[in-house]
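Single-structure report; data block below.
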Amino acid sequence: MHRNIREQVQSHHKSWIFGFILLGCSLAGCNPMVLDPTPVVPTSQPVAYSARVELADAGIYMVQPGASMIPDLRLQNHVTAKITSLDRAKSQWEQAVIEYLVARKTFRSIAKTDFPDVLMTLRLFVYIDPSVSFKFNHVYVAKVDGALRDPRNGRVLLDHVGKGKAFGEVSRDGKDDDHEPINRAIRAALNDLFGKLEQDKRLAHL
C-alpha cells in the first residue's frame with residue numbers, strides 16, 4: 001500500500017515537471033499565449049474621463065502545489081518558477097486590455113495621444129497552482145493592480161486591485177490546456193478591478 005502511494009506521488013511529481021515544460025514551451029513562443037478577455041458587458045457606470053492605458057508589467061508564475069488554497073493570499077511568496085515569455089506577448093496583451101475597455105465603455109474615450117484626462121497603468125499577474133490532486137486539476141489566479149494617475153506627473157489618484165480565479169483539467173498532451181482558464185481568470189480580474197473603479201465615489205473629486 002505504501003509503495004502504491006509513493007508511486008502515485010512520484011508519478012504526480014513527474015507529471016507536474018512535464019506539465020511545466022510544456023507550459024513554458026506554450027507561453028514562450030512554441031504557441032504564444034494570446035490574451036482575449038471576452039465576452040465584455042458594457043458598464044452602466046462609465047467614468048467621465050478620457051484615458052490612456054498602459055500595461056506596465058505582466059507575468060505568469062507557477063506556485064507551490066496547493067498554494068492558492070492556503071490563508072496567505074500573497075501568492076508571490078510561493079512562486080516556484082516564472083514563465084519569462086511575456087516580453088514578446090506584452091504588446092498584444094496591452095492591446096487586448098484596451099479593446100476590453102473600449103467594449104466595456106469604462107472611460108469616455110481611450111486616448112491615443114499624450115494628453116488624456118487620466119493615465120491608467122496596469123500590472124497583470126497570473127499564478128498557476130498545479131494543485132495536490134492526482135487528477136492534476138490546476139487553479140489559475142489572476143491579479144491586476146490598477147492605478148489611475150495624473151498624466152502630467154504620474155501621481156497616483158486612485159488605485160484598486162482586481163482578482164479572478166479559474167479552474168482547468170490539464171492533460172499535458174500538447175494541447176493548449178492553459179489558454180482558456182488563463183483568459184477566464186484574467187477576464188474575472190479585469191471585471192473585478194474596473195467594477196470597483198467605476199463605483200469609486202472619489203472619481204467625482206479628481
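The values are calculated or read from the model by the stated rules, or taken from the named source; none is laboratory data. A quick note: this is a predicted structure, and the numbers were derived from the prediction, not measured. Ideal geometry is used to build each Cβ from the backbone, glycine not excepted, and the neighbour counts take in all protein chains shown.
Examine the stretch 169-180 for a residue that is assigned to a helix (DSSP H, G or I) and modelled with pLDDT under 95, and state whether such a residue exists. Looking through the stretch 169-180, at least one residue is assigned to a helix (DSSP H, G or I) and modelled with pLDDT under 95.
Residues checked against (1) in a loop (DSSP other than H, G, I, E, B); (2) modelled with pLDDT of 95 or more; (3) among the hydrophobic types (A, V, I, L, M, F, W, C); (4) touching a Cys at 6+ places or on another chain (Cβ under 7 Å):
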position	(1), (2), (3), (4)
Pro116	yes, no, no, no
Leu124	no, yes, yes, no
Val132	yes, no, yes, no
Tyr140	no, no, no, no
Leu158	no, yes, yes, no
Phe167	no, no, yes, no
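Of all residues in the stretch 60-93, those satisfying the criterion of being surrounded by 12 or more Cβ atoms within 10 Å (Cβ to Cβ) and within 21 Å of Leu119 (Cα to Cα) are Lys90, Gln92, Trp93. A Cβ distance below 8 Å, combined with a sequence gap of six or more or placement on separate chains, defines the contacts here; from the stretch 142-166, residues that are on the phi > 0 side of the Ramachandran plot reach residues that are of a type in the set (A, V, I, L, M, F, W, C) in the pairs Gly154/Leu119. Cβ separations smaller than 6 Å between residues 6+ apart or across chains give the following pairs from the stretch 184-206 residues that are touching a residue at least 40 places away in the same chain (Cβ under 8 Å) and within 21 Å of Tyr127 (Cβ to Cβ) to residues that are of a type in the set (Val, Ile, Thr) and assigned to a loop (DSSP other than H, G, I, E, B): Phe194/Thr106. Being among the small types (Gly, Ala, Ser), assigned to a strand (DSSP E or B) and either modelled with pLDDT of 95 or more or under 19 Å from Asp192 (Cα atoms) (or both) is true for just one of Ala103, Ala51, Ala81, Ala96. Which residue is that? Matching residue, one of Ala103, Ala51, Ala81, Ala96: Ala51.
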